[in-house]
Amino acid sequence: MREMVGHHDQPGRRIEESAPLYESKGIAALCKRIRTIWPKMRPVRMISFNKIADTNWAVPWHQDRVIAVHDRVDINGFKNWSRKDGVWHCEAPESVLARMLFVRLHLDDAAEADGAMEIALDSARHGRVSADNAEAIARSCQTTTPQCAAGDAIVLPMLTLHRSLASRSLRPRRVIRIDFADLEVPGDLNWRT
């Protein structure tokens with residue numbers, strides 16, 4: 001899987017459903033384990049991150065609220081439309097995001113010095129949090145920066161506040177992020193997996 005992530009010239013790269021990584025044994029096993037706990041969950045988006053010296057970034061406290069869909073269809077609650085690499089993205093309403101998970105599968109060891117993700121525990125209970133309030137809400141929660149070994153996965157509610165600092169090490173920090181949902185998006189919207 002590490003070889004399939006490759007080098008990035010940007011913070012993250014979308015992985016198309018047709019990519020070999022989508023069909024890899026490791027991803028299939030992870031999806032199967034998720035469905036043993038949440039039977040209706042299915043992967044709806046996959047992104048790879050490769051934090052190295054050339055692509056070393058910091059991200060402030062935030063929630064990921066963007067989903068990928070096949071086409072732009074204006075439906076109440078779906079907003080802030082953008083097109084990235086030919087794929088339509090929009091911010092989903094809280095009713096959709098509350099039924100989603102995100103999983104970070106670590107391909108390398110990751111600790112705080114490597115720019116690992118810091119999590120505001122139980123922050124998803126606050127629902128949708130504005131960017132202006134994200135740091136204050138995160139500071140009101142207990143936070144942790146899990147030290148992960150290669151192969152470890154972190155599973156979180158989609159609305160969990162999280163951030164990452166720039167890496168202070170020279171080690172690569174490759175991660176695959178998979179978004180899961182247990183529902184279909186409404187109307188003529190369709191997930192773009």
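The values are calculated or read from the model by the stated rules, or taken from the named source; none is laboratory data. Keep in mind the model is a prediction, meaning the values are calculated, not measured. Because the Cβ atoms are built from the backbone with ideal geometry, glycine has one as well, and the counts that use them run over all protein chains shown.
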Test for residue 117: is it closer than 16 Å to residue 62 by Cα and modelled with pLDDT under 95: yes
Residue 141, sole failed condition from (1) over 29 Å from residue 40 (Cβ atoms); (2) of a type outside the set (Lys, Arg); (3) modelled with pLDDT of 95 or more: (1)
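Somewhere in the range 179-192, is a residue over 26 Å from residue 80 (Cβ atoms) and either acidic (Asp, Glu) or outside any helix (DSSP H, G or I) (or both)?
Step one: filter the range 179-192 for residues over 26 Å from residue 80 (Cβ atoms), giving none.
No, that holds for no residue.
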Where a residue in the range 60-78 is more than 20 Å from residue 15 (Cα to Cα) and its partner, wherever it lies, is surrounded by fewer than 16 Cβ atoms within 10 Å (Cβ to Cβ) and small (Gly, Ala, Ser), with Cβ under 7 Å and at least six apart: 62/131; 73/187; 75/187
Qualifying positions in the range 90-118 - touching a His at 6+ places or on another chain (Cβ under 8 Å) and either of a type in the set (Ser, Thr, Tyr) or buried (at least 21 other Cβ atoms within 10 Å of the Cβ) (or both): 117
Pairs, first under 13 Å from residue 119 (Cβ atoms) and touching a residue at least 24 places away in the same chain (Cβ under 8 Å) in the range 143-169, second among the basic types (Lys, Arg) and surrounded by 18 or more Cβ atoms within 10 Å (Cβ to Cβ), C-beta under 7 Å, six or more apart: 154/104
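Would you call residue 128 of a type outside the set (Phe, Trp, Tyr), within 28 Å of residue 30 (Cα to Cα) and surrounded by fewer than 16 Cβ atoms within 10 Å (Cβ to Cβ)?
Values: of a type outside the set (Phe, Trp, Tyr): yes; within 28 Å of residue 30 (Cα to Cα): yes; surrounded by fewer than 16 Cβ atoms within 10 Å (Cβ to Cβ): yes.
Here the answer is yes, as residue 128 does meet what is asked.
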